[in-house]
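The values are calculated or read from the model by the stated rules, or taken from the named source; none is laboratory data. It should be emphasised that the depicted structure is a prediction, and the values quoted were computed from it without experimental measurement. As a convention, Cβ positions derive from the backbone with ideal geometry for all residues, glycine included, and neighbour counts pool all protein chains shown. The protein model used for the area step is the full one, side chains on, heavy atoms only, and it has no ligands, DNA or RNA in it. Shrake-Rupley method; radii C 1.70, N 1.55, O 1.52, S 1.80 Å.
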Amino acid sequence: MSAIAAAASRRSLKEFESVIDQYSAQLQEDVLIKHHLGILSEQLLESNLIRIIEPYSCVEISHVASLIEMPQPTVEKKLSQMILDGKFQGILDQGKGQLIVYEEGEKDAVIEKGLQVISNMDNVVSSLFDRAGALTVMMS
């Protein structure tokens, strides 16, 4: 466990995986430890990927895969999951094999106000619909 802690503190995914392989018999027996090691492995992978792509606005996925020393499909799948989870803003251009990273932008105030107007209009229409239903019942 101390070897795992040391690998995690150094954020070394390669070292973490080698420790898990080395002590797989002891670590994979306990379901709870296995579960938490899986979560820790995912967190290490995410932090390493973010650290690698941080200086780029556009980077080839094959380059990221070679830097992290993992198969390209695995890296591509994890990057798409991170984008969908909102870990960073960007798109995967699979035709070109590139990851295009967007800057973290401020929220657009116009869009926020527009969404608020639509929500208010929904409340008004729902209220009018309820009143019309009540009047129909009274008239019957």
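Under a Cβ-only charge scheme (Lys and Arg +1, Asp and Glu -1), can you give me the dipole magnitude of the chain about the Cα centre, in debye to the nearest 20?
120
Taking K and R as +1 and D and E as -1, what net charge do the other residues with C-beta under 13 Å from the C-beta of K96 add up to?
Combined, the nearby Lys, Arg, Asp and Glu give -3.
Hey, any idea what % of the chain's accessible area is carbon plus sulfur with a 1.4 Å probe?
Of the solvent-accessible surface of the chain, carbon and sulfur hold 58 percent.
Quick one: check the C-alpha center-to-center distance for segment 56-115 versus segment 1-39, whole angstrom.
If you average the Cα positions of each part, the centres end up 27 Å apart.
By how many degrees, 0 to 90 and rounded to 10, does the Cα axis of helix 72-84 deviate from the longest principal axis of the chain?
30
Looking only at Q98, Q28, Q89, which one moves most when the chain is put into a Gaussian network model with springs between Cα atoms under 10 Å?
Among Q98, Q28, Q89, the largest mean-square fluctuation in the Gaussian network model of the chain belongs to Q28.
Using modelled amide H (1.01 Å from N, peptide plane; none on Pro or chain starts), what sits under 5 Å from the amide H of G90, excluding residues fewer than 5 places away?
Answer set, sorted by chain and number: Y102.
Tell me which of P73, F129, G86 sits at the most positive position along the dipole axis of segment 13-140, charges placed on C-beta atoms (Lys, Arg +1; Asp, Glu -1).
F129
Determine the calculated [θ] at 222 nm for the chain from helices alone, applying -39500 (n - 2.57) to every DSSP H run no shorter than 4 residues and normalising by the residue count; nearest 500 deg cm²/dmol.
Estimated from H runs of four or more residues: -23000 deg cm²/dmol.
Within 10 Å of each candidate Cβ there may be at most 13 other Cβ atoms; applying that plus a DSSP loop requirement, which chymotrypsin sites (Phe, Trp or Tyr not before Pro) in segment 50-140 survive?
Here the sparse-neighbourhood loop sites are Y102.
Based on the Kirkwood radius over alpha-carbon pairs, what value in µm²/s does the Stokes-Einstein equation return for the translational diffusion coefficient of segment 1-48 at 25 °C and 0.890 mPa s?
Reported coefficient: 233 µm²/s.
Tell me, what HN-Hα J-couplings in whole Hz come from the Karplus equation 6.51 cos²θ - 1.76 cosθ + 1.60 at θ = phi - 60° for each residue of segment 109-116, using x for Gly and Pro?
For segment 109-116, the Karplus-derived couplings read 5, 5, 5, 4, 5, x, 5, 5 Hz, x marking Gly and Pro.
Tell me, what HN-Hα J-couplings in whole Hz come from the Karplus equation 6.51 cos²θ - 1.76 cosθ + 1.60 at θ = phi - 60° for each residue of segment 128-140, using x for Gly and Pro?
5, 5, 5, 5, 5, x, 5, 5, 5, 5, 5, 6, 7
Share of Cα-Cα pairs in segment 97-140 beyond 13 Å, in percent?
71
Using only the alpha-carbon atoms, what does segment 55-94 span along each of its principal axes? Please give whole angstrom values in decreasing order.
24, 19, 17
Just to be sure I follow the definition: excluding the sites themselves, where is the longest run in the chain that has none of the GluC sites (Glu not before Pro) in a DSSP loop with at most 16 other Cβ atoms within 10 Å?
Here the longest segment lacking exposed loop sites spans 1-68.
On average over all directions, what projected area in square nanometres does the chain have, based on the convex hull of its Cα atoms?
Over every viewing direction, the Cα hull of the chain projects on average to 15.5 nm².
For segment 71-136, what is the accessible area per residue in Å² when the probe is 1.4 Å?
That works out to 78 Å² per residue.
Hey, what do the phi angles of segment 12-25 turn into as Karplus ³J(HN,Hα) couplings, whole Hz, using 6.51/-1.76/1.60 and θ = phi - 60°, x for Gly and Pro?
Per residue, the Karplus-derived 3J(HN,Hα) values read 9, 5, 4, 5, 4, 5, 5, 5, 5, 5, 5, 10, 4, 4 Hz.
Which of the trypsin sites (Lys or Arg not before Pro) across segment 5-94 are loop residues per DSSP, with 15 or fewer other Cβ within 10 Å?
Those that pass, being in a loop and sparsely packed, are R10, R11, K87.
Around G97, which amide H atoms from residues at least 5 apart in sequence, or from another chain, sit under 5 Å from its own amide H, with H modelled in the peptide plane?
none
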